[in-house]
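Participant: For reference, the structure I am asking about is given below.
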Amino acid sequence: MIQLTDISKNFGRYQALKHINLDIPSGELVALLGPSGSGKTSLLRIIAGLEAADEGVIHFEEQATNDYGQQVGFVFQHYALFKHMTVFENVAYGLKVKKRKERLPKQKIREKVQELLQLVRLEEFADRYPSQLSGGQRQRVALARTLAVEPKILLLDEPFGALDAKVRKELRRWLRRLHDEVSVTTIFVTHDQEEALDVADRIVVLNEGVVVQEGTPDEVYHHPNSPFVYNFLGDVNLFKGRLERGKLHQGLCEWEISGDLERQSEAAVGFVRPHDLLITRDLTVKDSVPAWITYIQAFGKSVKIELKRQDSDEYLEAELSREQFNELQLQKKELVYIKPNQLHVFTPDDYSI
Ligand SMILES: Nc1ncnc2c1ncn2[C@@H]1O[C@H](COP(=O)(O)OP(=O)(O)OP(=O)(O)O)[C@@H](O)[C@H]1O
Ligand SMILES: [Mg+2]
């Protein structure tokens, strides 16, 4: 368990981290997610001991050795390999520079490096130099090099930031498997919500130096506690209205909401994900709104549909499964009716946290 209590960090007069409290259970894969400048790298560097906090304490349970450097493995946002060393030598480095009495015999080092290269699927690249590798391969070497010294805690700062979408996806699947194989507590920084939702056991959402929400991917995605988290975790449509008798009222429409049905508010905003926006041609569907289809993006497993409301010129985004789409045979420029299912409503009270 890593326990952060009341961590604050200032750079001059700028407060980059504000009273961070966080418990990270051993063996978990945790994503630190937040926009650029929210404090992710600062927090990671403090956990790594590379930077001191101005306030607060960090407590590490199960401290097996006093040598802090050995416990924490760090892969930086901009990774660097030793250029003049081969892949093999890069991975072996941490093992070779250990004090003599802790150092493994040569043959054992060799075996361990082979094992790690197998783990990162680079066995055949052992004799290459970093300049002869692709970005994704270099990144995997950096990970293997960090894992070689068996850190108890693995800290990764946007390790896949510089790579293309497909390689990123492959590597994050791979990171998930790796994490499950070599039980290590991993904290993984990203500003990519899909990446976080996809691999993490738990997500910590940071904004402006504050932890705004933490929970499982399911919790933060389906039960965001603020408009910021809702927006940050996925595409969203907004419906402004009045909250009364457990419904959001807009014009003549009344829509069902999720959550607290007792709340009242003159000003409320309903949030709905694109896949929860119903599209129909049936104008008798109660509480539906007419909208023009302005764009259809039909590749992939689901179909994305952009619409423009007839009454307000606001744009909306819907997402249908391919089956639903084929059944409806929707056309661009067609007038259809939309209705939000399960609005998640925030009122001005929620904004002023
Ligand atoms: N050494 C420093 N001196 C002054 N300000 C700093 C320093 N390091 C970070 N900051 C500021 O602290 C804030 C948080 O920076 P940090 O690097 O932690 O953000 P981040 O969430 O990692 O962003 P990114 O996604 O862009 O990497 C930023 O506003 C940044 O400008
Ligand atoms: Mg950063």
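Participant: What is the number of the single condition among (1) within 30 Å of Leu233 (Cα to Cα); (2) surrounded by fewer than 18 Cβ atoms within 10 Å (Cβ to Cβ); (3) away from ligand 1 (no atom under 16 Å from the Cβ) that Glu123 does not meet?
Facilitator: The number of the failed condition is (1).
Participant: Moving to a separate point now. For Tyr295, state whether it is modelled with pLDDT of 95 or more, buried (at least 17 other Cβ atoms within 10 Å of the Cβ), more than 24 Å from His222 (Cα to Cα) and not charged (D, E, K, R).
Facilitator: Details: modelled with pLDDT of 95 or more: yes; buried (at least 17 other Cβ atoms within 10 Å of the Cβ): no; more than 24 Å from His222 (Cα to Cα): yes; not charged (D, E, K, R): yes.
In short, no.
Participant: So Gly161 clears everything in (1) in contact (Cβ under 8 Å) with a residue 40 or more places away in the chain; (2) under 20 Å from Val87 (Cβ atoms); (3) of a type in the set (Gly, Ala, Ser) except one condition, right? Which one?
Facilitator: All conditions are met except number (2).
Table: residues versus (1) of a type in the set (A, V, I, L, M, F, W, C); (2) part of a helix (DSSP H, G or I).
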position	(1), (2)
Phe82	yes, no
Val91	yes, yes
Leu95	yes, yes
Ile109	yes, yes
Gln114	no, yes
Leu117	yes, yes
Arg121	no, no
Ala144	yes, yes
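Participant: Mind telling me which of the residues Gly56, Gly49 ends up being at positive phi, modelled with pLDDT of 90 or more and not aliphatic (A, V, I, L, M)?
Facilitator: Numbers: Gly49 fails: modelled with pLDDT of 90 or more.
After applying the criteria, what remains is Gly56.
Participant: Here's another thing I want to ask about it. Looking at (1) closer than 30 Å to Lys40 by Cβ; (2) touching a residue at least 12 places away in the same chain (Cβ under 8 Å), can you tell me which one Val97 breaks?
Facilitator: Here Val97 meets the rest and fails (2).
Participant: Check the stretch 14-22 and report whether any residue there is loosely packed, with under 14 Cβ neighbours inside 10 Å and more than 28 Å from Val182 (Cα to Cα).
Facilitator: Taking the stretch 14-22 and keeping what is loosely packed, with under 14 Cβ neighbours inside 10 Å, we get 14, 21.
Adding the requirement that they be more than 28 Å from Val182 (Cα to Cα) leaves 14.
Yes, some residue in the stretch 14-22 is loosely packed, with under 14 Cβ neighbours inside 10 Å and more than 28 Å from Val182 (Cα to Cα).
Participant: Then there is this: In the stretch 2-13, which residue that is in a strand (DSSP E or B) and within 15 Å of ligand 1 (Cβ to nearest atom) is surrounded by the most Cβ atoms within 10 Å (Cβ to Cβ)? Break it down stepwise before answering.
Facilitator: Initial filter on the stretch 2-13 (in a strand (DSSP E or B)): 2-11.
Those left that are additionally within 15 Å of ligand 1 (Cβ to nearest atom): 4, 7-11.
Details: Leu4: 20, Ile7: 24, Ser8: 16, Lys9: 22, Asn10: 14, Phe11: 10.
Going through the qualifying residues, I end up with Ile7.
Participant: Test Ala318 against the stated conditions and say whether it is of a type in the set (Gly, Ala, Ser) and under 17 Å from Asp235 (Cα atoms). Step through it out loud before you land on a result.
Facilitator: On the way: of a type in the set (Gly, Ala, Ser): yes; under 17 Å from Asp235 (Cα atoms): yes.
It is true that Ala318 is of a type in the set (Gly, Ala, Ser) and under 17 Å from Asp235 (Cα atoms).
Table: residues versus (1) within 16 Å of ligand 2 (Cβ to nearest atom); (2) of a type outside the set (Gly, Ala, Ser); (3) touching a helix residue (DSSP H, G or I) at 6+ places or on another chain (Cβ under 8 Å).
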| position | (1), (2), (3) |
| --- | --- |
| Gly12 | no, no, no |
| Asp23 | no, yes, no |
| Leu43 | yes, yes, no |
| Ile46 | yes, yes, no |
| His59 | no, yes, no |
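Participant: Please specify each residue of the stretch 14-36 satisfying the condition of being within 13 Å of ligand 1 (Cβ to nearest atom) and touching a residue at least 24 places away in the same chain (Cβ under 8 Å). Can you show your working first?
Facilitator: Restricting attention to the stretch 14-36, the residues satisfying the condition of being within 13 Å of ligand 1 (Cβ to nearest atom) are 14-18, 20, 31-36.
Once the filter is applied, which keeps residues that are within 13 Å of ligand 1 (Cβ to nearest atom) and touching a residue at least 24 places away in the same chain (Cβ under 8 Å), the stretch 14-36 yields Gln15, Ala16, Leu17, Lys18, Ile20, Ala31, Leu32, Leu33, Gly34, Pro35, Ser36.
Participant: Test of understanding: among Leu117, Leu95, which residue is buried (at least 19 other Cβ atoms within 10 Å of the Cβ), modelled with pLDDT under 95 and in contact with an Asp or Glu (Cβ under 6 Å, 6 or more places away or on another chain)?
Facilitator: Values: Leu95 fails: in contact with an Asp or Glu (Cβ under 6 Å, 6 or more places away or on another chain).
Answer to the selection: Leu117.
Participant: I'd like to know if the stretch 211-225 contains one or more residues that are crowded, with 22+ Cβ neighbours inside 10 Å and over 16 Å from the mean Cα position of the chain (by Cα).
Facilitator: no
Participant: Another question, then. Restricting to the stretch 176-203, and then to whatever is small (Gly, Ala, Ser) and either over 13 Å from the mean Cα position of the chain (by Cα) or within 16 Å of ligand 2 (Cβ to nearest atom) (or both), can you tell me which residue is surrounded by the most Cβ atoms within 10 Å (Cβ to Cβ)?
Facilitator: First, pick out the residues of the stretch 176-203 that are small (Gly, Ala, Ser): 183, 196, 200.
So of that shortlist, the ones also either over 13 Å from the mean Cα position of the chain (by Cα) or within 16 Å of ligand 2 (Cβ to nearest atom) (or both) come out as 183, 196.
Values: Ser183: 10, Ala196: 26.
Once the filter is applied, the top-ranked residue is Ala196.
Participant: How about the stretch 40-60: which of its residues are touching a residue at least 40 places away in the same chain (Cβ under 8 Å) and away from ligand 1 (no atom under 13 Å from the Cβ)?
Facilitator: Scanning the stretch 40-60 gives Glu55, Gly56, Val57, Ile58, His59, Phe60.
Participant: Something else about it: Which of the strands (runs of 3 or more DSSP E) found entirely inside the stretch 148-266 contain at least 3 residues meeting this: more than 30 Å from Leu278 (Cβ to Cβ), more than 16 Å from ligand 1 (Cβ to nearest atom) and of a type in the set (Ser, Thr, Tyr)? Before the answer, list the steps.
Facilitator: Working: elements: 153-157, 185-190, 202-207, 210-215, 237-244, 247-250, 253-258.
Those strands (runs of 3 or more DSSP E) do not exist here; none qualify.
The values are calculated or read from the model by the stated rules, or taken from the named source; none is laboratory data. Being a predicted model, the structure only gives us computed values, none of them experimental. Backbone-built Cβ (ideal geometry, glycine too); neighbour counts: all protein chains shown.
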